[in-house]
Amino acid sequence: MTESVEQEDRLSVVLADLVVVAILTALTGVFVLVQPLNQTLLRPALALGFLLFVPGYVFTVALLPRGRRRGTENQTTDTSETILEYLVFSFGVSVSLSILGGLALGITTVGITSARLYSTLALLTVVCLPIAAFRRLAVPPEDRFHPRLLPVIRRSRSEFSTEQPTHVLVLNLAVVVTIIIAVVSVGAGFNGNNEADLTEFYVLSENEDGEFVATDYPSTMTRGSSEPFVLGIDNQEGESIEYTVVILFQQFETVDGSETLVSEVELQTIERTVENNETAELNVSVTPPTAGQNHRLTYLLYTEQPPSYPSTDNAYREVHIWVDIESQ
């Protein structure tokens, strides 16, 4: 075993990149989740670097712990090819995982926020880290993947030199432009998500199994009989908020093809303080006072005291359910 292999066999050297990844993951979490650090300029920089590299890199190392053989003393192989392949693959996997994580959160009742997207990808990273370390240590030292930046930098410079054929330069530039577009798109989505829908408001109904879900909303109710619902308030405003929920029972008529409000009754008013980065779920029961068709249960959310005449136009958030009310 050569001296360089003996040096690379030290645990601190073998797992150095994974330690850096773990530190970057933790540091990103601090600037994404902790107030007021999540309002600083470091937040988008760290978050973008994490989203576009870390999950994919750890996943790649766990999947492919071997590098290319460097050969014997009389035959060496340029390891920069392996490192470049790892970096490109890590970028592609990270973007894919970010998109899949966003889609998964988007179809759930909790919804997607930057904090939840980070938490999802950080959990995946934490799970993959020990797997990546174990698989790398199980590979003989001479066959392990060893990340070295200097060969990558040298090779990258040569890829864009004027000595390269024109079609190779065009292809390399196209790859760079594609990466830049992906970086800007993911970064805008991550930061834009933090700007909008800072409070999520949703309603859950009880299904046949007694579970509260965001589907199977009742289409009919009975006058005088209560129906249970759960109202969810997720606070991502950056501070504690005292919310007020107003529940309206409204009746509409169809006039000239459009729904016109003809009457409404205020059923309940609920106040609830929700801390930042927390979700409150309120159990409510709604009892329709009258029977008829084309009724709407409207839930209005306010961050201040509601006005004298609460409506969907002046509410901070609004959700509703259309129902027909049957007589007993």
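How would you rank 255-263, 43-51, highest first, on the average number of other Cβ atoms within 10 Å across their residues?
Top to bottom by mean Cβ count within 10 Å: 43-51, 255-263.
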Determine the relative contact order of segment 200-328: mean sequence separation of Cα pairs under 8 Å and six or more apart, normalised by residue count, in whole percent. 31
Taking the Cα centre of segment 199-326 as origin and charging only Cβ (+1 Lys, Arg; -1 Asp, Glu), how large is the dipole, in debye to the nearest 20? 380
Return the sequence-ordered ³J(HN,Hα) values of segment 118-129 in whole Hz as given by the Karplus equation 6.51 cos²θ - 1.76 cosθ + 1.60 applied to θ = phi - 60°, using x for Gly and Pro. 4, 4, 5, 6, 5, 4, 4, 5, 4, 5, 7, 4
Percent of alpha-carbon pairs separated by more than 21 Å within segment 202-324: 42
Taking other Cβ within 10 Å of each residue's Cβ, how do ASP143, ASP313 sort, fewest first? ASP313, ASP143
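Each value in this text was obtained by applying a stated rule to the coordinates, not by laboratory testing. What you see is a predicted model; the values in this text were computed from it and never measured. Note: ideal-geometry Cβ built from the backbone for every residue, glycine included; neighbour counts use all protein chains shown.
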